[in-house]
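The values are calculated or read from the model by the stated rules, or taken from the named source; none is laboratory data. The model shown is predicted, which means the values in this text are computed figures rather than measured ones. In this analysis, Cβ positions are derived from the backbone assuming ideal geometry, glycine residues included, and neighbour counts consider all displayed protein chains. Surface areas here come from the heavy atoms of the whole protein model, side chains and all, with no ligands, DNA or RNA. Shrake-Rupley method; radii C 1.70, N 1.55, O 1.52, S 1.80 Å.
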Amino acid sequence: MSSRTPSSPGPSPTPLPTPTKQHPIIIIGTGLSGLVAAFELSRANIPCLLLDQEPRSSLGGQAFWSLGGLFMVDSSFQRRMGIRDSRALALRDWLSSAQFDKLEKEDYWPRRWAEAFVDFATDEMEDYVKARGLGFLVNVGWAERGDGRGAGGHGNSVPRWGTGPEVVRVFREPVEKKEREGVVEMRFRHCVDEIVVDEGTGRAVGVRGRVLEDQEGDGAVPRGVSSSRVATGEFEIRGAAVIIASGGIGGNLEKVKKNWPIDRLGPKVPATMVMGVPAHVDGRMIDIAEGVGASVINKDRMWHYTEGLKNWDPIWPGHGIRVLPAPSSLWLDATGKRLPPFLFPGCDTLATLKHICSTGYDYSWFICNRTIAAREFALSGSEQNPDITNKSIVQTLRQRVFSSNGTVPVQNFVKHGEDFVVKDNLEDLVAGMNELMEKTGGGVRLDYAAIKEEVEARDSQFDNPYSKDAQAMLINSTRNYWPDRRSRVAPPHKLLDKKHGPLIAVRMNLLTRKTLGGIETNLSSNVMRTDGTPFPGLYAVGEAAGFGGGGVHGYNSLEGTFLGGCIFSGRAAGRAIVEEVLGTTTGLQAKL
């Protein structure tokens, strides 16, 4: 890799041809980042064409499955709750977590994107999405609470996660309106295999690929279900520019394993993982872009979760659901040893992933009880949170604040999920954990006496409101934030207290999710070549671009930054093209 040559984020060296319906801006992918780019282009009445290998039922991509978390800084929601946040504090948290260490090469643009994103999250994010009609829940979530190494370590110093459950809708609807008006066109079941580059100018001028069978009607394949790859024809489309918005590699387990950073995430590549994204999130377009000279960087940076459940009602192959935990469950590795401080639920995802991988096993255990599971188990995904998705305050209060059993989806997992063991006493619980492992292919046989000692040692620290145990201190500290005290973190208590039973053990599997590296781009989302110069006419947004720059997160995410990165990078590409077409930054570009 040659050194980065810092270049202007402005227009490409070769002029952008005027987009027309015959030569539109081509957007590969109809996920959130592609929709945002199309929104910015179409409201300036610039013709654009969206292509997707999936049917229309998958419009919105992975973001549809999201709970809608957005990282915002000094937002009105934070101020309303008395949270003191600032641009400086957020940037300190981001840089401490990202740990950029290749500033002359692979981290040059990612570092600049990080600074720009924090500015956007502070100054514009809230107003920008509210102007589209996005509403937020009252509560501000606190994800990635920190690694316990002090103010300079990984994690969010304050709650920043605002939840807007309709983030896809507010961009999809105006794009669909422009589709009806003829400014936007969408072609589904179009699988791009090649980016066409003009030999004379080096400019991206189109795409080639295959038309896939429609499987007896566009609505025949539900969202997320694997679709046919049988081709019925070929296509070639020429355009004024090409925007890659095709997602990452999280649905391609072999590619995840190939790029696994053994030096950072443990000496063993996991043999098995559950899949947090559909199979079509395959990373093909990243490889195709690299094949025509795009710079692809930080391939070994990735974001996977350690609290994965096998979905009892799967949609795609190996479908996994993540538990978004609060801090009270006792976390044991596969051998029954307690995870060390500060590897507690909800604190430091990748450090926990590294520790679990270092044991030589691909799973771990939560031990909790009915009270903790009801209050502290939230499930990832819009379909697992109908109260939030439907914006029902009554349903949310009933299931998350006043219920002793938790949300209906959590109850269904406890009842039907393969990974759950529910018993009235600890001895039977450990026996059930061993029976589960024998039934599903074996694993480490747990020793009851050793587990009993771990549980009783933990429980001994809950006789008083003070403790020497770091997890007990964390539980008390999190309850100082009143929304957590009211609805998210269970009152401190002993696991073996019969009033809070029955006991619950949960096998936690490793879960694939996000690509943190990707196609390198400048601040206009213009793709960079391997020599550090802009690639004329080629843009990349969303996860395909590492959510901006080829890796805006560095090595770690602060959460709420994936949807935010899709919005910010798609907006940057759309606005850069509009600016070049109109030759101005006034008018439309001055508006939200």
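If you take the residues of the stretch 475-493 that are of a type outside the set (S, T, N, Q) and more than 20 Å from Arg370 (Cα to Cα), which of them is surrounded by the fewest Cβ atoms within 10 Å (Cβ to Cβ)?
In the first step, residues of the stretch 475-493 are kept if they are of a type outside the set (S, T, N, Q); the result is 475, 479, 481-486, 488-493.
The next check asks that each one be more than 20 Å from Arg370 (Cα to Cα); those that pass are 481-483.
Numbers: Tyr481: 18, Trp482: 10, Pro483: 16.
Applying the filter and picking the extreme gives Trp482.
Which one of the conditions (1) hydrophobic (A, V, I, L, M, F, W, C); (2) more than 18 Å from Pro325 (Cβ to Cβ); (3) at pLDDT below 95 does Leu379 fail to meet, given that it meets all the rest?
Status for Leu379: all satisfied but (2).
Taking Val506 as the residue in question, decide whether it is farther than 28 Å from Met125 by Cβ and crowded, with 24+ Cβ neighbours inside 10 Å. Give the derivation first.
Numbers: farther than 28 Å from Met125 by Cβ: yes; crowded, with 24+ Cβ neighbours inside 10 Å: yes.
So Val506 fits the description; yes.
Go over the candidates Thr352, Thr272 one by one and state the one that is crowded, with 23+ Cβ neighbours inside 10 Å and of a type in the set (Ser, Thr, Tyr). Talk me through it step by step, then tell me what you get.
Numbers: Thr272 fails: crowded, with 23+ Cβ neighbours inside 10 Å.
Going through Thr352, Thr272 in turn, the sole match is Thr352.
Any idea which residue in the stretch 382-415 is modelled with the lowest pLDDT, counting only those that are closer than 19 Å to Leu309 by Cα and open to solvent by 30 Å² or more (accessible area, probe 1.4 Å)? Walk me through how you get there before you give the answer.
First, the residues of the stretch 382-415 that are closer than 19 Å to Leu309 by Cα: 382-386, 405-415.
Filter again for open to solvent by 30 Å² or more (accessible area, probe 1.4 Å), leaving 383, 386, 405, 408, 411-412, 414-415.
Values: Glu383: 72, Pro386: 66, Asn405: 80, Val408: 89, Gln411: 95, Asn412: 95, Val414: 96, Lys415: 96.
Looking at the filtered set, the residue picked out is Pro386.
Enumerate the pairs (first residue in the stretch 337-348 and free of Cβ contacts under 8 Å to residues at least 40 places away in the same chain; second residue anywhere and open to solvent by 20 Å² or more (accessible area, probe 1.4 Å) and of a type outside the set (Gly, Ala, Ser)) with beta-carbon separation below 8 Å, excluding pairs fewer than 6 apart on the same chain, so at least 6 apart or on different chains.
Correct list of pairs: Leu339/His355; Pro340/His355; Leu343/His355.
Checking Asn45 against (1) of a type outside the set (A, V, I, L, M); (2) closer than 30 Å to His190 by Cβ; (3) open to solvent by 30 Å² or more (accessible area, probe 1.4 Å); (4) not in a loop (DSSP other than H, G, I, E, B), which test does it fail?
Every listed condition holds for Asn45 apart from (4).
Give just the number: which of (1) at pLDDT 65 or above; (2) over 24 Å from Gly276 (Cα atoms); (3) open to solvent by 20 Å² or more (accessible area, probe 1.4 Å) does Asn369 not satisfy?
(3)
Given the residues Gly10, Gly68, which is the only one that is in contact with a strand residue (DSSP E or B) (Cβ under 6 Å, 6 or more places away or on another chain) and at pLDDT below 95?
Values: Gly10 fails: in contact with a strand residue (DSSP E or B) (Cβ under 6 Å, 6 or more places away or on another chain).
Sole residue among the options that is in contact with a strand residue (DSSP E or B) (Cβ under 6 Å, 6 or more places away or on another chain) and at pLDDT below 95: Gly68.
Need the failing condition index for Asp74 against (1) open to solvent by 30 Å² or more (accessible area, probe 1.4 Å); (2) touching a Ser or Thr at 6+ places or on another chain (Cβ under 7 Å); (3) more than 21 Å from Val552 (Cα to Cα); (4) at pLDDT 95 or above, just the number.
(3)
Looking at Ile297, Ile321, which is the one that is farther than 21 Å from Gly548 by Cα, among the hydrophobic types (A, V, I, L, M, F, W, C) and open to solvent by less than 10 Å² (accessible area, probe 1.4 Å)?
On the way: Ile297 fails: farther than 21 Å from Gly548 by Cα.
Among Ile297, Ile321, only Ile321 is farther than 21 Å from Gly548 by Cα, among the hydrophobic types (A, V, I, L, M, F, W, C) and open to solvent by less than 10 Å² (accessible area, probe 1.4 Å).
Tell me, please, whether a residue that is assigned to a loop (DSSP other than H, G, I, E, B) and of a type in the set (S, T, N, Q) can be found in the stretch 364-379. Lay out the reasoning, then the answer.
To start, the set of residues in the stretch 364-379 that are assigned to a loop (DSSP other than H, G, I, E, B) comprises none.
The answer is no; no qualifying residue exists.
Answer yes or no: is there a residue in the stretch 79-86 that is in contact with a Lys or Arg (Cβ under 7 Å, 6 or more places away or on another chain), in a helix (DSSP H, G or I) and touching a residue at least 24 places away in the same chain (Cβ under 8 Å). Explain how you work it out, then say what you get.
Pass one, the stretch 79-86, residues in contact with a Lys or Arg (Cβ under 7 Å, 6 or more places away or on another chain): 85.
If we keep only those that are in a helix (DSSP H, G or I) too, we end up with none.
No: zero hits.
Take the residues of the stretch 471-502 that are part of a helix (DSSP H, G or I) and either in contact with a strand residue (DSSP E or B) (Cβ under 8 Å, 6 or more places away or on another chain) or under 25 Å from Gly360 (Cβ atoms) (or both): which is modelled with the lowest pLDDT?
Pro483
Here is a list of conditions, (1) assigned to a strand (DSSP E or B); (2) under 30 Å from Gly318 (Cα atoms), and Ser226 meets all of them except one; can you say which number that is?
(1)
Please find, among Gly68, Gly34, Gly61, Gly82, the residue that is open to solvent by 10 Å² or more (accessible area, probe 1.4 Å) and within 21 Å of the chain's Cα centre (by Cα).
On the way: Gly68 fails: open to solvent by 10 Å² or more (accessible area, probe 1.4 Å); Gly34 fails: open to solvent by 10 Å² or more (accessible area, probe 1.4 Å); Gly82 fails: within 21 Å of the chain's Cα centre (by Cα).
Among Gly68, Gly34, Gly61, Gly82, only Gly61 is open to solvent by 10 Å² or more (accessible area, probe 1.4 Å) and within 21 Å of the chain's Cα centre (by Cα).
May I ask you to say which residue of Arg203, Arg187 is basic (Lys, Arg), farther than 20 Å from Arg529 by Cβ and out of contact with any His (no Cβ under 8 Å at 6 or more places or on another chain)? Walk me through it before giving the result.
Details: Arg203 fails: farther than 20 Å from Arg529 by Cβ.
Answer to the selection: Arg187.
Taking Leu95 as the residue in question, decide whether it is open to solvent by 20 Å² or more (accessible area, probe 1.4 Å), farther than 19 Å from Met125 by Cα and at pLDDT 95 or above.
On the way: open to solvent by 20 Å² or more (accessible area, probe 1.4 Å): yes; farther than 19 Å from Met125 by Cα: yes; at pLDDT 95 or above: yes.
Taking the combined requirement at face value, the residue satisfies it.
In this structure, does Thr232 turn out to be touching a residue at least 12 places away in the same chain (Cβ under 8 Å), open to solvent by 60 Å² or more (accessible area, probe 1.4 Å) and closer than 22 Å to Ile25 by Cβ? Show your work before the answer.
Details: touching a residue at least 12 places away in the same chain (Cβ under 8 Å): yes; open to solvent by 60 Å² or more (accessible area, probe 1.4 Å): yes; closer than 22 Å to Ile25 by Cβ: no.
Criteria not met by Thr232.
State the number of residues belonging to the stretch 428-464 that are open to solvent by less than 60 Å² (accessible area, probe 1.4 Å), modelled with pLDDT under 95 and on the phi < 0 side of the Ramachandran plot.
Of the residues in that region, 2 qualify.
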